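Novice: Take a look at this one; I'll ask things after.
The values are calculated or read from the model by the stated rules, or taken from the named source; none is laboratory data. Everything numeric in this text was worked out from a predicted model, so none of it was measured. Here Cβ is always computed from backbone atoms with ideal geometry, including for glycine, and neighbour counts include all displayed protein chains. These area figures cover heavy atoms from the full protein model, side chains too; ligands, DNA and RNA do not enter into them. Shrake-Rupley method; radii C 1.70, N 1.55, O 1.52, S 1.80 Å.
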Number of protein chains: 2
Amino acid sequence: MALTETSLIERLRGAGAARSDVALGIGDDAAVLTVPPDQQLVVSTDTLVSGVHFPEGCPAASIGHRALAVNLSDLAAMGACPAWALLALTLPEADEDWLNQFAAGFGSLAREHRVALVGGDTTRGPLCVTVEVLGFVPPGRALRRAGAAAGDLVFVSGTPGDAGAGLLIEQGRLSAPMPAASHLRARFLEPSPRVALGERLRRFASACIDVSDGLMGDAGKLALASGLALELDYEALPLSPALREAVDAEAAARLALTGGDDYELCFAVAPQRVAQLTAELPPERWGYTRIGTLTAGSGVRLMRGGTVMDFSHSGYQHFA
Amino acid sequence: MALTETSLIERLRGAGAARSDVALGIGDDAAVLTVPPDQQLVVSTDTLVSGVHFPEGCPAASIGHRALAVNLSDLAAMGACPAWALLALTLPEADEDWLNQFAAGFGSLAREHRVALVGGDTTRGPLCVTVEVLGFVPPGRALRRAGAAAGDLVFVSGTPGDAGAGLLIEQGRLSAPMPAASHLRARFLEPSPRVALGERLRRFASACIDVSDGLMGDAGKLALASGLALELDYEALPLSPALREAVDAEAAARLALTGGDDYELCFAVAPQRVAQLTAELPPERWGYTRIGTLTAGSGVRLMRGGTVMDFSHSGYQHFA
């Protein structure tokens with residue numbers, strides 16, 4: 001069934017949370033919002049393109065979920081509390097079932113994080129979703145990629161590589177036994193942005209970045225922005241049991257380092273702050289692992305048993 | 001020459017204005033912004049898709065200009081003062097010349113309105129540009145589509161229809177003598193969002209909408225949102241000399257009523273406020289024209305010499 005633009009927007013209006021700080025929401029030329037006077041505004045935008053950021057034929061609920069999740073992950077990396085989102089949705093056709101599923105995926109994650117959908121635009125064209133998220137942070141307290149010091153320890157949340165394996169399974173380029181396969185697919189299709197962890201890390205982290213393009217590259221960006229070198233401990237990489245069931249140890253580590261689509265947080269903590277970090281945010285409950293150390297210099301070195309590994313970024317040809 | 005995503009973002013970083021309220025701009029996971037404590041935030045997003053919102057092969061400078069202009073026009077319709085923009089750019093290939101021209105078109109309009117580019121995402125895919133703009137309005141003072149009263153007079157800025165004719169010329173579906181043709185093309189390729197007028201209208205207008213999808217339809221949305229009927233005066237439509245040179249009187253009026261892409265403001269003013277409006281914002285300087293009246297009831301009636309015209313929305317087949 002075809003839907004007009006007006007009804008597309010109306011359909012999405014109720015997808016997010018209701019918030020009293022939305023003075024005027026969807027339906028006029030722009031939204032009017034009340035920012036708390038004691039907070040800075042944090043804003044980010046990310047686009048998902050069909051065939052690039054998700055396989056063609058990807059479930060609509062996953063596209064809706066991921067379009068918001070990748071943006072919430074950016075706010076999480078800043079230590080910000082999300083509040084509002086805008087959605088620009090380009091669709092080849094207005095298919096009601098597809099749209100209902102998209103709205104369900106977007107909406108359940110939005111409500112989980114109390115995010116109101118305050119504006120949007122629906123256009124006709126090749127499938128493409130751009131979301132902008134807006135949130136708050138106390139003045140001067142946003143986490144940045146820069147700010148870490150030599151000697152700071154580096155951590156990552158979750159188990160990177162799962163989503164990369166999940167995408168390969170989704171693409172039919174990797175097969176794995178159940179239930180590992182369905183766990184890995186879910187990590188790609190419905191990533192969990194680490195918003196609660198990011199907000200708490202404002203008290204501990206000296207720098208933070210979201211892991212979206214592969215842990216090794218993104219951790220390297222944190223080191224670069226902080227003007228430091230990074231030593232990553234190959235043996236410390238947190239590999240999930242599902243990932244280890246799906247691929248051998250070397251492939252699992254490669255996916256963890258370069259797989260992408262993780263939407264985890266990589267962060268640095270000064271050594272003298274680590275005891276308090278682990279006391280207040282127990283790693284076994286908050287799910288993070290120490291994976292390396294920042295040092296003077298530049299570049300990323302992957303260490304195994306005290307020696308530098310020769311690790312090439314050559315990708316996944318062996319899965320093809 | 002191919003450009004990586006990092007250098008694409010770097011290239012665009014300097015395109016906009018520099019502002020002291022940008023605590024952290026492009027280059028981290030999100031931007032951090034300082035909203036004045038005595039202002040509400042106004043946000044809008046609009047997407048331009050190649051082949052839908054502009055012809056394929058449209059100059060890159062025009063795409064950059066229009067992607068920002070259509071969003072600034074939304075803020076203008078709210079009476080808001082723009083401050084920041086985010087840009088999500090999906091490109092089939094990273095062509096340096098194209099990108100330089102896009103940045104020039106986007107940047108010159110951004111600097112004209114003191115808008116800082118604070119974030120963005122560049123992705124590979126079919127050409128598609130989404131911009132989000134953020135601005136300020138004093139609390140409770142945003143203009144809305146709703147709020148007009150029966151008896152309020154309706155005005156439009158500029159000369160609607162020019163951009164519609166310009167698009168037809170750009171598409172090779174209409175020819176016109178020079179310099180009319182180049183004037184009309186420019187009205188499509190580089191519309192001027194009425195930001196300064198919108199801000200001033202906060203003191204006068206009871207309702208306001210931006211004219212992007214055709215004057216008759218958009219004025220009708222203002223009437224609908226205000227719970228009123230609209231009488232439009234066919235003889236009062238402000239037709240530009242260039243438009244009248246390009247097409248006959250009937251086609252000119254049709255383009256003015258339904259052409260789209262105008263990015264003008266349509267606004268309502270209570271009769272007792274009109275003398276002050278025209279004294280403080282002289283129409284000959286600010287470029288607006290009375291085109292109708294709001295009355296009790298619903299729907300849009302087009303009046304000509306005291307009688308209701310039979311006006312069908314049948315489009316431009318005669319140009320094809």
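Novice: Can you find even one residue in region B:58-65 that is at pLDDT below 95 and either open to solvent by 10 Å² or more (accessible area, probe 1.4 Å) or touching a strand residue (DSSP E or B) at 6+ places or on another chain (Cβ under 9 Å) (or both)?
Specialist: yes
Novice: May I ask you to verify whether B:Ala85 is in contact (Cβ under 8 Å) with a residue 40 or more places away in the chain and open to solvent by 10 Å² or more (accessible area, probe 1.4 Å)?
Specialist: Here the answer is no, as B:Ala85 does not meet what is asked.
Yes or no, residue by residue, for (1) charged (D, E, K, R); (2) in contact with a Gly (Cβ under 9 Å, 6 or more places away or on another chain); (3) not assigned by TED's automatic domain parsing to the domain that holds B:Gly220:
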| position | (1), (2), (3) |
| --- | --- |
| B:Ser175 | no, no, no |
| B:Met178 | no, no, no |
| B:Ala186 | no, yes, no |
| B:Arg202 | yes, yes, no |
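Novice: I would also like to ask the following. Among B:Ala181, B:Ala165, which is part of a helix (DSSP H, G or I), of a type in the set (Gly, Ala, Ser) and more than 17 Å from the chain's Cα centre (by Cα)?
Specialist: That would be B:Ala181, the only listed residue that is part of a helix (DSSP H, G or I), of a type in the set (Gly, Ala, Ser) and more than 17 Å from the chain's Cα centre (by Cα).
Novice: Next question, about the same structure. Residues in region A:76-97: is at least one modelled with pLDDT under 95 and in a helix (DSSP H, G or I)?
Specialist: Yes - at least one qualifying residue is present in region A:76-97.
Novice: Looking at B:Val133, B:Val156, B:Val129, B:Val118, which is the one that is part of a strand (DSSP E or B) and within 17 Å of B:Arg187 (Cβ to Cβ)?
Specialist: Exactly one of B:Val133, B:Val156, B:Val129, B:Val118 is part of a strand (DSSP E or B) and within 17 Å of B:Arg187 (Cβ to Cβ), namely B:Val156.
Novice: Identify all residues within region B:128-160 that are open to solvent by less than 30 Å² (accessible area, probe 1.4 Å) and under 25 Å from B:Pro55 (Cβ atoms); write none if there are none.
Specialist: Selection gives B:Cys128, B:Val129, B:Thr130, B:Val131, B:Glu132, B:Val133, B:Gly158, B:Pro160.
Novice: Check whether at least one residue in region B:181-198 is surrounded by fewer than 19 Cβ atoms within 10 Å (Cβ to Cβ), at pLDDT below 95 and of a type outside the set (S, T, N, Q), and report yes or no.
Specialist: Taking every residue of region B:181-198 in turn, none turns out to be surrounded by fewer than 19 Cβ atoms within 10 Å (Cβ to Cβ), at pLDDT below 95 and of a type outside the set (S, T, N, Q).
Novice: Which ones in region A:35-56 are under 25 Å from B:Cys128 (Cβ atoms), at the interface with chain B (Cβ under 8 Å from one of its Cβ atoms) and open to solvent by 10 Å² or more (accessible area, probe 1.4 Å)?
Specialist: Hits for region A:35-56 are A:Asp46, A:Ser50, A:Gly51, A:Val52, A:His53.
Novice: In region A:200-247, which residues are among the aliphatic types (A, V, I, L, M), in contact with a helix residue (DSSP H, G or I) (Cβ under 6 Å, 6 or more places away or on another chain) and crowded, with 20+ Cβ neighbours inside 10 Å?
Specialist: If the condition is that a residue be among the aliphatic types (A, V, I, L, M), in contact with a helix residue (DSSP H, G or I) (Cβ under 6 Å, 6 or more places away or on another chain) and crowded, with 20+ Cβ neighbours inside 10 Å, then A:Ala207, A:Ile209, A:Val211, A:Leu215, A:Met216, A:Leu230, A:Leu237, A:Ala242, A:Leu243, A:Ala246 are the ones that fit.
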